[in-house]
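Asker: Once you've had a glance at the structure underneath, I'll fire off some questions.
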């Protein structure tokens, strides 16, 4: 975005801040019985409206859910530290509005009580997170055929889920892969659609371009922005929505990872804003706390604009036709070609940049993002926050 566009974006974002306060906080109770009241400022109206549309919530439910998710995101890392080796995963339970923490059967009673006193619900799981992560890591070392969509740890089921492209279950290469995967640890097989990246040829809109590829800006960092790695190689020039030169790809990785960062200059600068595309007000970015599985998440991109869903899985390996990409987060939000690199945000917390998915925003689908904190750490970048 150039100066005039940025001025409008910043003004809109500041109006959201002044009129409505920070996203994710309102004195209300989430839907479901036994949910504690959340005490905080009102949620950003645009995010609430999008959650009502995409998640089928009432306004009261959406406001309460944002507040509850913010509490759960802060509690999750503390519960993991408290559980130690008995930690078996955690997730946000939308009906109760609380974080659920799974512990192995040998967890000390004192540990269970401490986690329950913090406000989380405790469940017993057969396998520890360490065991499940180790099994997934062993599968990561296998060569996956094209009939395998990907794999991830499911803490609710205490298993590693391996996803197979529908109609490919009987394929000999798929069967050999599944046989080897089952030897790594607890594995469950599910059917899925084939994933694809979401770059697009040059069309109109509000994108950035590299060559004849259109992608979407993720989040501003000091000195530039982060985006998807499949959108460009290091040294590639980038132009903005108006065709003017922005900067160049300074780092890029795909496959294995799907992240990149682009330097910004030539009259452009960065702001801590995610565009709402007129569907919702532009959203301010205040941090990058990781949203647990089960949390709501919204996505902004230059093709399908603003859509919301929920976090379905963390640390998923996705087997694109170009090769496997590791440590992606799976969501139920839809996306379309040209949305690659765009922002995933929960409340006012940056989550990641769009990698790929299946389906579209007419019939529905699923989408993966590369977590933003991994990108920041890889390139030594600092997220631009308000």
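The values are calculated or read from the model by the stated rules, or taken from the named source; none is laboratory data. This one's a predicted model, so the numbers in the text were calculated from it and none came from an experiment. Note: ideal-geometry Cβ built from the backbone for every residue, glycine included; neighbour counts use all protein chains shown.
Asker: Among 335, 313, which is touching a strand residue (DSSP E or B) at 6+ places or on another chain (Cβ under 9 Å) and not in a strand (DSSP E or B)?
Answerer: After ruling out the rest, the residue left standing is 335.
Asker: Among the residues of region 281-297, how many are assigned to a strand (DSSP E or B), modelled with pLDDT under 95 and either buried (at least 23 other Cβ atoms within 10 Å of the Cβ) or out of contact with any strand residue (DSSP E or B) (no Cβ under 7 Å at 6 or more places or on another chain) (or both)?
Answerer: 1
Asker: Another question, if that's okay. Assess whether residue 374 counts as being at negative phi, modelled with pLDDT of 95 or more and assigned to a strand (DSSP E or B).
Answerer: Against the criterion (at negative phi, modelled with pLDDT of 95 or more and assigned to a strand (DSSP E or B)), residue 374 does not qualify.
Asker: For residue 356, indicate whether it is outside any strand (DSSP E or B) and in contact (Cβ under 8 Å) with a residue 40 or more places away in the chain.
Answerer: Considered against the rule, which asks whether it is outside any strand (DSSP E or B) and in contact (Cβ under 8 Å) with a residue 40 or more places away in the chain, residue 356 comes out as no.
Asker: Please give the strands (runs of 3 or more DSSP E) falling wholly within region 56-143 in which 1 or more residues are without any contact (Cβ under 8 Å) to a residue 24 or more places away in the chain and buried (at least 21 other Cβ atoms within 10 Å of the Cβ).
Answerer: Per the criteria, 98-103.
Asker: Select from region 371-386 the residues that are touching a helix residue (DSSP H, G or I) at 6+ places or on another chain (Cβ under 8 Å) and under 15 Å from residue 218 (Cα atoms) and list them in ascending order.
Answerer: 381, 382, 383
Asker: Still on this model: Filtering region 222-258 down to residues that are assigned to a strand (DSSP E or B) and over 26 Å from residue 324 (Cβ atoms), which residue is farthest from the chain's Cα centre (by Cα)?
Answerer: The selected residue is 245.
Asker: Scan region 203-211 and give yes if some residue there is modelled with pLDDT of 95 or more and within 25 Å of residue 254 (Cα to Cα), otherwise no.
Answerer: No, region 203-211 has no match at all.
Here's the yes/no breakdown for (1) in contact with a helix residue (DSSP H, G or I) (Cβ under 7 Å, 6 or more places away or on another chain); (2) within 22 Å of residue 241 (Cα to Cα):
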{"residue": "282", "(1), (2)": "yes, yes"}
{"residue": "326", "(1), (2)": "yes, no"}
{"residue": "330", "(1), (2)": "no, no"}
{"residue": "335", "(1), (2)": "no, yes"}
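Asker: Another question, if that's okay. I need the full set of residues from region 263-280 which are surrounded by 14 or more Cβ atoms within 10 Å (Cβ to Cβ), more than 15 Å from residue 383 (Cβ to Cβ) and under 24 Å from the mean Cα position of the chain (by Cα), in order please.
Answerer: The answer is 263, 275, 276, 277, 279, 280.
Asker: Which of the residues spanning region 148-195 are surrounded by 22 or more Cβ atoms within 10 Å (Cβ to Cβ) and part of a loop (DSSP other than H, G, I, E, B)?
Answerer: 155, 158, 195, listed by residue number.
Asker: What number of residues in region 220-240 are out of contact with any strand residue (DSSP E or B) (no Cβ under 7 Å at 6 or more places or on another chain) and surrounded by fewer than 20 Cβ atoms within 10 Å (Cβ to Cβ)?
Answerer: Number of matching residues: 1.
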